[in-house]
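Report on one structure; see the data block that follows.
The values are calculated or read from the model by the stated rules, or taken from the named source; none is laboratory data. Predicted model only: the values in this text are computed from it and were never measured. We place every Cβ from the backbone using ideal geometry, glycine too, and count neighbours over all the protein chains shown. With ligands, DNA and RNA removed, areas are computed over all heavy atoms of the protein, side chains included. Shrake-Rupley method; radii C 1.70, N 1.55, O 1.52, S 1.80 Å.
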Amino acid sequence: MMVFMTGEETRTITSPPIRGSAQDAEPRTPPTRAWMTRLVIAGIVLTALNLRPAITSLGALLEEVRDGLGMSGSVAGLLTSVPPLCFAVFGVMAPRLARRFGPAAVVCAGMLAIGTGLVIRPFAGNTVGFLIASALALMGIAVSNVLMPVIVKRWFPDRVGSMTGLYSMALALGTATAAAVTVPMTRALGGDWQSGLAVWAGLAAVAVLPWIPLARAKGTALSVEKASAPAPVAETATEGRQEPAPLRITRSRTAWALAVFFGLQATAAYITMGWMAQIFRDAGVPAGTAGLLLAVTMVMGVPLAFVIPRLATRLPHQGPIVVALGLCGFVGYGGLYLAPAGGAWAWALLLGVSNCAFPLALTMVGMRARTGAGVAQLSAFAQSTGYLISIPGPLLVGVLYQHSGGWGLPIALMAGLMVPQIVVGVLAGRDRTVEDEAAR
């Protein structure tokens, strides 16, 4: 009781009767806040688990889908380019939707879209229907991609590194699980690739649940956000009203560097998710083993996605991490070119480490802006622009593979893209904020 009296002493001077009732209510606030916080954490983890299975489950069964729908190599390359295209187109809408309906409601709708798209697409019956249903699922992924850093910054402003690590770890776990389990699960379901793809809709349905009460409790969520911020309530409310004010994000060199870095790492990730299993299969590796190798690449992100963001937030410059990840990519692609089957497990490990540029990019989004509004705009700009940059990569790999008759040129392209990725990553890792640069 003395603790509350100390905190209330100056406030009770002007209005003792009102504060008396507030005192009675105060002890009930922390449990509510703790319950909401736990629900947000559950929502973040479940959402992250759903942000890649739609893509890696398809990568594991790409050959079966191509045969079932009669796709050429170029069309399959187009299919692997659909994710970044949807992320670019729909991701830019996320901040506006979040301002109107609230981030929790938008993410809840995103999980619903993922589940619906994953149920429909295997049974669409043709390539066009498959692409449209995939786009619906990817739309849900796109808005959730953009809003996850915003939610982390808003609810956990003093734990951006650890919460980004948790989110990235769950994302990597969902990615790896879908890559590893899809082929054996398809066989257990009778060898039908449609069932093997559709089963992932169940995971999306579970992810809807924690966001429903969060979407309905806007006022509570807002009060939690204010309580966790270091500024007084009045100032936080003012800041909230100013959030929609546009930041001239395109004036920031750091924003552009981060967008290009995001685009190049996304190019590598979607080429890997879409084609790596096929590269191993063409080298003579059995389909089940190729799926496991893709899973190994993805699962490397589980521990590293937790370690890298925490390390990044403790460094004034994230350039050394960028360089280390890029060098792992060089060696991995070199091995994939020279001995794809002989050193398959080593190359899968190294490329898995290289793909951890994604959680690093997310962490830098949270670090390169000071305010929640700045993070929202930077996240939308970096991800939408970055995914636009990444669109040609998977498509070009499919075209090169079909017309060259092998994987030599596509792998050389992947290795070559590591050079600009390292350069712009070092620039994006400098200790500065987009608000300062945009104001100049």
With every protein chain kept in place and a 1.4 Å probe, the residues His317, His403 fall, from largest accessible area down, as His403, His317
Regression test value, accessible area per residue of the chain, probe 1.4 Å, units Å², expected 41
In degrees, nearest 10, the alpha-carbon axis of helix 29-49 is tilted away from the dominant principal axis of the alpha carbons of the chain by 10
Computed on Cα atoms, Rg of the stretch 234-374 relative to 2.2 N^0.38 Å comes out at 1.30
Taking the dipole of the chain about the Cα centre (Lys, Arg +1; Asp, Glu -1; charges at Cβ), the one of Phe87, Thr164, Val152 that reaches farthest to the positive side is Val152
Dividing the alpha-carbon radius of gyration of the stretch 104-168 by 2.2 N^0.38 Å, where N counts its residues, gives 1.39
Rounded to the nearest 10, the angle in degrees between the Cα long axis of helix 127-155 and the longest principal axis of the Cα atoms of the chain comes to 40
Over all viewing directions the Cα convex hull of the stretch 296-384 casts an average projected area in nm² of 6.3
Sorted on mean Cβ neighbours within 10 Å (highest first), peptides 102-113, 417-428 come out as 102-113, 417-428
Along the stretch 344-353, Karplus-curve 3J(HN,Hα) (6.51, -1.76, 1.60; θ = phi - 60°) to the nearest Hz, with x for Gly and Pro, reads 3, 5, 5, 5, 4, 5, 5, 5, x, 5
Of every hundred units of 1.4 Å-probe accessible area on the chain, the number belonging to carbon and sulfur atoms, as a percent, is 67
Tilt, helix 16-25 to longest principal axis of the chain (alpha-carbon atoms), in degrees rounded to tens, equals 30
Calc'd 3J(HN,Hα), the stretch 268-283, phi into Karplus 6.51 cos²θ - 1.76 cosθ + 1.60 (θ = phi - 60°), Hz, glycine/Pro = x, comes to 4, 5, 7, 5, 4, 5, x, 10, 4, 4, 5, 4, 5, 5, 5, 8
Where a ≥ b ≥ c are root eigenvalues of the Cα gyration tensor, a/c under 1.5 meaning rounded, otherwise prolate if a/b exceeds b/c and oblate otherwise, the stretch 85-124 counts as oblate
Ordering 179-188, 135-144 by per-residue average of other C-beta atoms within 10 angstrom, highest first, gives 135-144, 179-188
Answer check: the chain, Cα atoms, Kirkwood Rh, Rg/Rh ratio of 1.02
Mean Cβ-within-10 Å packing, highest first, puts peptides 319-328, 62-71 in the order 319-328, 62-71
